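What follows is a single structure, and I will ask about it in a moment.
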Amino acid sequence: MSPFIRLLASFIALIMAMGIGRFSLTPQLPHLISEGQIDLTGAGLIAAANYLGYLLGALDAIRAKRPDQVQGRLHAGLWLCVVLTLISVLAQGFWPHLLLRFGTGIASAWVMVMITSLSQHLAVTAIRPRLGALVFAGPGVGVLLTGLLALVANLWGQNSATLWLIYAAAALIMVLAILPILPQPATLPAATHISQPDTRQPGIGRLGAIYGLYGLGYIIPATFLSQMASAQFHGQWQADLFWPAFGLCAAIGVVLISLRRPTPGTTGYWLMGGLGIQALGVLACLLPSSTGLALGVILCGTPFLACMPLVMQRSRELAPHATQRNAALLTACFAVGQLAGPLLAALSSHFSGTLHPALLIAASGLMLAAMLAWRSVRVPAVPAACDASTAPR
């Protein structure tokens, strides 16, 4: 089977696992809150549970070395996303949704890490690095899909349970279509890029801080965008346009990054620019108008996924012989930042009644990350042959 078909299957796997398994909570929040199942503080805690599951799933997935372990976690993650989304149809109240989102966090992390390893190795061996990078537009297309499905369901006057059922049906169709054509774990190399334990890697610690701050900064608007739009438009259908637009911008951002010429020494500048643009987007969400929210969608959404491969590429530039260990470190930093974001939003909602304090802190974190990225440019890269197909973790 051609590498293109297997990379297409990887792309669809990320549409399902990330768009439905991980980010489907965002367009559901207005429903869950209006139905009285949760409040805004509870929404933040449920989102935090999802990201805690993602952190634990990512850390567990890194331990998978044998082909059977890789395939087992990949298939388990895909099917869990389907099953847990289907069970969500019956969920009522805070605790059932929290437990189900925790489970889908673990499942989506398994899929993300395994698809990252399999698709990128396949892309490099097939000399298709740009196709490998485009696989990671999948989460953006997944967000677009969940947003459009939510828009149609809302126009028909459906509730949250019906929308969970629609998501589960879409997830099942995608899983059944891609299972026979996913990349095979037996093609992975036997040993991978682990450096000596005492090797110093200048700049990696700072890059971990950048990635953690990025996770904190983007996740608040990414989680609560639909609810903010619903509040501005008082539940009218126009509010449902913002989440799919966010996903479309994210997919476009990945395409633009994959087309850039990978000139040595410029990765840090691209990363700094992307983080700065996102900070402006978060601040735009504070403006009391639909124009501010639209600016937030464009400025936050476009660099949303594009910054991830830039971080991983910079990691390889700094330490090309420690990619596996550093990917694990950066994955953990990113997940911790994501976990802190919804907790911060819950505190902001509880004490102020709004998300404004949390958004201000998120924007400040992104600006600090941009400053650290600018400082990291002065750390010399280690000469090595690096492809352009690095993926988000």
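What ranking do 106-114, 298-306, 204-212 get when scored by the average of other Cβ atoms within 10 Å per residue, highest first?
106-114, 298-306, 204-212
Now a separate question. Can you send over the solvent-accessible area of GLU317, 1.4 Å probe, protein chains only, in Å² to the nearest 10?
20 Å²
Relative to the first principal axis of the alpha-carbon coordinates of the chain, what is the inclination of helix 290-318, with its axis defined by its Cα atoms, in degrees from 0 to 90 and to the nearest 10?
The angle comes out near 20 degrees.
Sorted by accessible area with a 1.4 angstrom probe, largest first, how do ARG261, ARG22, ARG128, ARG316 fall?
ARG261, ARG128, ARG316, ARG22
While we're here: In deg cm²/dmol and to the nearest 500, what is the mean residue ellipticity at 222 nm of the chain if only DSSP H runs of at least 4 residues count, each as -39500 (n - 2.57), divided by the residue total?
Per the formula, -25000 deg cm²/dmol.
Nearest 10 degrees is fine. How inclined is helix 323-352 to the longest principal axis of the chain, computing both from alpha carbons?
Helix 323-352 and the main axis of the chain meet at about 20 degrees.
How big is the Rg/Rh ratio for segment 7-121, C-alpha atoms only, Rh by Kirkwood, two decimals?
1.01
Just the accessible area per residue of segment 122-177, please: how many Å² with a 1.4 Å probe?
42 Å²
On to the next question. Evaluate the relative contact order of the chain (contact order divided by residue number), counting alpha-carbon pairs under 8 angstrom at least 6 apart; express in whole percent.
26 percent
Would you mind checking the radius of gyration and Dmax of the chain based on alpha-carbon positions, in Å?
19.6, 60
Using only Cα atoms and rounding to the nearest 10 degrees, what angle (0 to 90) does helix 242-259 make with the longest principal axis of the chain?
So the inclination is approximately 10 degrees.
Would you mind listing how long segment 58-130 runs along its three principal axes, going by Cα atoms, in whole Å with the largest first?
Largest to smallest, the principal-axis extents are 49, 25, 16 Å.
List, in order, the whole-Hz ³J(HN,Hα) value for each residue of segment 210-215 obtained from phi through the Karplus relation with A = 6.51, B = -1.76, C = 1.60 and θ = phi - 60°; use x for Gly and Pro.
Ordered by residue, 3J(HN,Hα) equals 4, 5, x, 5, 4, x Hz.
Expressed in whole Å with the largest first, what are the equivalent ellipsoid semi-axes of segment 239-378 derived from the C-alpha gyration tensor as the square root of 5 times each eigenvalue?
28, 18, 13
The values are calculated or read from the model by the stated rules, or taken from the named source; none is laboratory data. Owing to the predicted nature of the structure, the values given are computational and were not obtained by experimental measurement. A quick note on method: Cβ atoms are made from the backbone with ideal geometry, for glycine too, and the neighbour counts reach across all protein chains shown. Ligands, DNA and RNA are stripped out before the accessible areas are found, and what is left, the full protein with its side chains, is counted by its heavy atoms. Shrake-Rupley method; radii C 1.70, N 1.55, O 1.52, S 1.80 Å.
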